[in-house]
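> First the structure, then my questions, so here it is.
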Amino acid sequence: MSESSMSSPSMIQRQVIRQQVRHLRRAMTEDQQAQAAEQLAELALNYAPITHARNIALFLSVDGELNTRPLIARLWHLKKAVYLPVLHPFSPGHLLFLRYTPDTPLHINKLRIPEPPLDIRQLITLDQLDLMMVPLVAFDQHGQRLGMGGGFYDRTLQNWRQHGFLPVGLAHDCQQVDSLPVAEWDVPLPAVMTPSKLWQWE
């Protein structure tokens, strides 16, 4: 599950899309980011799968990603249990998900992403999750997702139907592209939420 195994033109095209879209979202002003985050939170809280969910996996935003903190705060207010990804200590390329509360300390991992400390008591299995809100760099009109290239979420989402949780991508509107070059390990998303629209394919 490595992009180095792809044909060179497809790999180059994916990298070009990553660079272009990351530039677009990093170019957003603080006010634009704040407005997008509030719009996303409002849209998300009117989305039935979130309304009915108890255990929700999210992520903390970096690199110009849509700010999830306003949404997380509202989910806490609604007594939802929120979980964040943590790099697996023994299985490279895999993620664990740990409970995140207002009192949870955070540290910066080797990918420069904030994560909770590894505490087995705070761990949830994928089978116990109701919904997973997934970061992405770009998505297309068919629900294909392009991540950062590490494959962490591709591995996590590989058997999402069997695990029984719903994956939903979160992105700025500017992250939507017409078409993405698809790799064999890519997992299309059934839904992507942007500040202005809910995209659904299933």
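The values are calculated or read from the model by the stated rules, or taken from the named source; none is laboratory data. Predicted model, so just to flag it, every value in this text is computed and none were measured. FYI the Cβ positions are ideal-geometry reconstructions off the backbone, even for glycines, and counts take in every protein chain you see.
> For the range 1-50, give me each residue that is part of a loop (DSSP other than H, G, I, E, B), modelled with pLDDT under 95 and either touching a strand residue (DSSP E or B) at 6+ places or on another chain (Cβ under 9 Å) or buried (at least 16 other Cβ atoms within 10 Å of the Cβ) (or both).
M6
> Please indicate, with yes or no, whether at least one residue in the range 120-134 is under 25 Å from A34 (Cβ atoms), modelled with pLDDT of 95 or more and touching a Gly at 6+ places or on another chain (Cβ under 7 Å).
There is at least one residue in the range 120-134 that is under 25 Å from A34 (Cβ atoms), modelled with pLDDT of 95 or more and touching a Gly at 6+ places or on another chain (Cβ under 7 Å).
> For the range 110-142, give me the residue count where each residue is part of a loop (DSSP other than H, G, I, E, B), of a type outside the set (A, V, I, L, M, F, W, C) and surrounded by fewer than 18 Cβ atoms within 10 Å (Cβ to Cβ).
Residues that pass the stated criteria total 8.
> Which residue pairs have Cβ atoms under 8 Å apart, sit 6 or more places apart or on different chains, and have a first residue in the range 187-202 that is touching a residue at least 12 places away in the same chain (Cβ under 8 Å) and a second that is aromatic (F, W, Y) and in a strand (DSSP E or B)?
L189/F139; A191/W199; V192/F139; V192/W199; M193/W199; W199/F139
> Here is a further query. Looking at the range 149-167 only, could you name the residues that are out of contact with any Asp or Glu (no Cβ under 7 Å at 6 or more places or on another chain), within 22 Å of R54 (Cβ to Cβ) and in a helix (DSSP H, G or I)?
Y153, T156, L157, W160, R161, Q162
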